[in-house]
Every structure is written in structure tokens, then in C-alpha cells.
Amino acid sequence: MDIASKLKAVMDGMVNRGYFNGAVLAAHKGQILLSEGYGMASFEHEVPNTSKTKFRIGSLTKGFTAMAIMQLQEQGKLRVDDTIDRYIPDYPNGESIKIRHLLEHSSGIPDYPGFQGYWETTMRMYSPIESTIDSFKNKKLNHPPGERQVYGSSSFILLSAIIEKVTGQTFSELIDETICRPLQMNDTGCEDGRRVIKRMASGYSVNKDIIPCEHVDMSIHLGAGGMFSTVEDMYKWDRSLYTEQLVGQTSLDSMFGAPTPPCGSHGWVITEQQINNRKSRRFSHYGSMNGFRSEMIRYVDEDIVVIVLSNVEMTPVEVICQQLADIVLGYDPAVLESIIPVQISEQEILKYAGAYDYGNNPDISAHRADELNQVLEAITVMDVPSIEVGLFHKLFQRYGVETNRTLFVTYEQGGLHLFMPKKRAWYKYGLFPISHQTNQTTGVTMYVDECVEFYVEPEGKVKLIHRDTAGKRITAVKM
């Protein structure tokens, strides 16, 4: 089986299990091996995804913002070693924060999406760039500029403002003029929520079923995460980064010349891996936006690129993207096969519903167990989108639930559901058994490739082993 067939087989296996909704593209040395859409761009209107469907790309936007800054430096309109008070005179500590600090995630500026009230209120409101900056400009720095690197989006909002200041154009106009049009990325741009974007996917979350995502006014994200694109256009972006079409080699070397910390720099995370007994450079970035997830991996020494865009925010795009990249690198794939659920009595299934602790040796008193059962009851009847983490966190705080060591299994509508966090948001998703023996049941989940093994020990204690999409396992004990 050739590489293109292997890629197709892996994606078909995922799609048949209901594990992917979006579009993917994989290419090697300028040859596209797979470019395909899967599932629905709109579940409401039954519009399928294609390779030309547009998706929010979240923080993949940061690479475009960084490129625009490097272009302006080449034009002599700014220098990355300038302090930002030169462009934003009233910004606190602006005389100490350099443009370089913004690009490298070392400014110390707090991250505005992490502020209290962001999910409940702030993200839903129109926010011109001045208002977004006002939301964090008077916050105390987390550390002195340049001291360390910590990922965040506030710095890239400031970069957007600097771009607008030195060019007299909006960020959207500048990106279109200097990057998208020269590369003929005609299906890429900035989303502001105030115009119709043809062939744009709708975004979804998961709360038992596929549901619409929580609203975000995209004006708030701009150069930090406000762009949309297609897998085909992102491939054009990949191709351009091997050339001097956008900036010269000196600028490319300053952006891509060395490995980065895990938070990345200039919109990319750069690492080195051993491939075929030699070092290989891996450029990547992850993107997250309400209803959407994105990942782009480039093995530049092998000239390999894989782009995965999804409009279901629970999708582990970073795992899928690496699986596809590994196939192009020559590794044999594991293709998911069809599965058949088994029937188990309601009495047996109910044994597994409950609150589980995956901390070390939990010592749960009867009073504590009673409180957790009250939380479980509330979660079972609560029928709201899981992205509203504030509601769940208030419930957890009320009953003292430790969110970093607790998961729940609910029994609803005749079946089991997992309720657990993924990248700070909690999701409730179906779990159905595929094998059963006395006091032992194995189940797989809906929407993501996860597995749960339940065990009822001789003394009656119930435990589970959860395997996530990346292969990480945790053991939890029912309380």
C-alpha cells in the first residue's frame, strides 16, 4: 500500500468511527498526497466539509502576524528591538517591552482570555483593538520583560496595534495585501463577524451530542487568533516559507533558525527529532477557537507538511496531525476497525456511574462521597454546553471537587457518559461497551478515540482505566 492509500485508510477509519469532522491535507516534496474534507461544515443544513471549506485557524494566525512584523522591519518601518512605547506611547512599562519580547512570548503581559469573566461575558462582546488592549494594559506584569517565555495572546494583540500604527491600515487589510494576495491565498482572511464568508464552516462543541459552540465576537482576537483559512490555502503558506517570496533569508533565519521553548516564538514551535539516524527540524503550531481546532506540522528537512482543521472543538487535531505525519515519514499506521457494541443489563451498567478520583490513594470519607454524589446528580440533569466552564467550576467549588483529579461517569438516556476536562474545557460524551465479562467491562467513547476499562474488585470497589487519544493512561477509583 502506498503512502497516499495509507493516509486515506487511516482517515476513513477515524471517520467511520465518528472521530473526525473537518479537512486534512498532507504533502511531501511538493506532491499532495491527501486533500479531503470529512463530515459536516453545517450539521443544521447538512452541508459537507471539503478541502475548500474555510475554518477558523485560531493561533495559527500568530505566524502571519509575525511575518507581517518581519516584512515591516525589512521596509525600515520598525525594528524588533524597538521598545513598544515608540508606537504605543501610553502603554505601561512600554519603555521596557520590546517588539521582540512580544514575538517571543517573553513580555510578561497577562493573557486576556484567561481573565475572570472572559468566557461568560467578555468574548461575546464587540471589542475594537483599543478595548482589547485596555482589558490587560493596566494588569501587573507576570515577570520582567525578557526574563522567561510563557505562551499568551495579549502580546499578539499589541503586535496587531503596532502594525496598524506604522502602516495606517487595518490589520486585516495589511495581511491581505502583503501575504494573502501575493500567495494567492484567496480563501484566507480575518473574521470580524460582520460580513458573510462563503463556504465558512460552523463551529461545534460536544455535550452528549454535537451542539453549536459558544458565541465569540471575533473582533477581540485579531492578530492573536482572528483568521480563517482552508487546508489548500495553508499549503500555499507552507510552500512560501521555503522561499524568499515574503521576506529575505536573514528574516527567515531570525524566525526559524533555532529551536524554541514549548511556547514557541514568532508563531511557531520548533523542535528537533531523530529521524533515520539524523536530526530533523519540526515546525508546528496548534490553534484553538470556539468551535474549531487546528494543527500544522512541517518537517522542513524532509519537505513534509500536514494540516488538520476541524470544526468540532473536542477533536484532538494535534494527535491526528502527528499520526498522518508519521505515515509520510514511513511509519506503518494503525487503522481503526469497525466495532460492535455489546448489550449489558441496566443493573450492571449502573455499577459504573459515579464520581472517580485519579489522585494517589484517595481517602474519601462517607461525607465526602455523599457530596460528590450530589455533584454527580447535578451534572446528570444539567443540560448546558460544556464550554460554559464557569457554571461547572462554581458547582465544583461549592462541593470542593478537585478538578485536576476528578472525572465523572453519568448514566443518562439508557447509557453511560464520560464527563471530564480536555484543555481546560469540560465535555460530556457517550461511552458504550464493546466487551463484557464478570466484573469487567471495556468501552469506547464517541467523538474521540478513547477507551475505558471498568473493574469491580472482590470487595466491591469499582475502578477504571482511561486511555486518551495520545495513549496516556490514568487509573481512577470510584468514590
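No lab work stands behind these numbers, since they all come straight from the coordinates. Note that the structure is predicted; figures quoted are calculated from it, not measured. In this analysis, Cβ positions are derived from the backbone assuming ideal geometry, glycine residues included, and neighbour counts consider all displayed protein chains.
Model label sites at Asp326 and Ile340, defined 7 Å from Cα along the beta-carbon direction, differ in position by 2.9 nm. Shape descriptor for segment 41-81: Rg over Rh equals 1.33 (Cα atoms; Rh from the Kirkwood inverse mean 1/r). Full extension of the chain between Asn16 and Met1 gives 3.4 nm of extra length, using 0.36 nm per residue less the Cα-Cα distance.
Once both labels are positioned 7 Å from their Cα atoms along Cα-to-Cβ, the gap between Glu348 and Leu141 label points is 6.2 nm.
Could you calculate the FRET efficiency of Arg278 with Arg405 from 1/(1 + (r/R0)^6), where r is the beta carbon distance between them and R0 is 51 Å, rounded to 0.05? Could you put the intermediate results ahead of the total?
Details: r = 41 Å, r/R0 = 0.81.
Rounded to the nearest 0.05, the efficiency is 0.80.
If we sort 216-225, 150-159, 39-48 on the protection proxy, mean other Cβ atoms within 10 Å, highest first, what's the order? Write down the numbers at each step before the final one.
On the way: 216-225: 25.0, 150-159: 23.4, 39-48: 14.7.
Top of the packing list down: 216-225, 150-159, 39-48.
Looking at segment 245-334, the chymotrypsin sites (Phe, Trp or Tyr not before Pro) that sit in a DSSP loop and have at most 15 other Cβ atoms within 10 Å of their own Cβ are Tyr331.
Could you work out how much longer the chain between Thr121 and Lys463 gets when fully extended? Use 0.36 nm per residue separation minus the Cα distance between them, nm to one decimal.
On the way: separation 342, 0.36 × 342 = 123.12 nm, distance 3.85 nm.
Separation in residues times 0.36 nm, less the Cα-Cα distance, equals 119.3 nm.
Compared with the dominant Cα axis of the chain, that is its longest principal axis, helix 61-74 is turned about 10°.
Tell me, what is the percent relative contact order of the chain, built from C-alpha pairs under 8 Å that lie six or more residues apart?
Numbers: 965 pairs, mean separation 83.6, N = 479.
In percent, rounded to a whole number, it is 17.
Couplings for segment 309-320, taken from phi via the Karplus curve 6.51 cos²θ - 1.76 cosθ + 1.60 with θ = phi - 60°, read 10, 10, 10, 10, 5, 7, 5, x, 4, 5, 6, 4 Hz in order; Gly and Pro are left as x.
When only the Cβ of Lys, Arg, Asp and Glu is charged (+1, +1, -1, -1), the dipole of the chain relative to its Cα centre reaches about 480 debye.
For the listed residue pairs Lys139/Lys198; Lys62/Lys423; Lys428/Lys461; Lys198/Lys236; Lys54/Lys422, the alpha carbons are over 28 angstrom apart in Lys139/Lys198.
For the chain, adding -39500 (n - 2.57) for each run of n ≥ 4 DSSP H residues and dividing by the number of residues yields -7500 deg cm²/dmol at 222 nm. Measuring r between the beta carbons of Glu46 and Glu244 and using R0 = 41 Å, the FRET efficiency lands at 0.40.
Relative protection proxy for 204-214, 13-23, 96-106, from highest mean packing down: 96-106, 13-23, 204-214 (other beta-carbon atoms within 10 angstrom). Summing +1 for each Lys or Arg and -1 for each Asp or Glu among the other residues whose beta-carbon sits under 13 angstrom from that of Leu103 gives +1.
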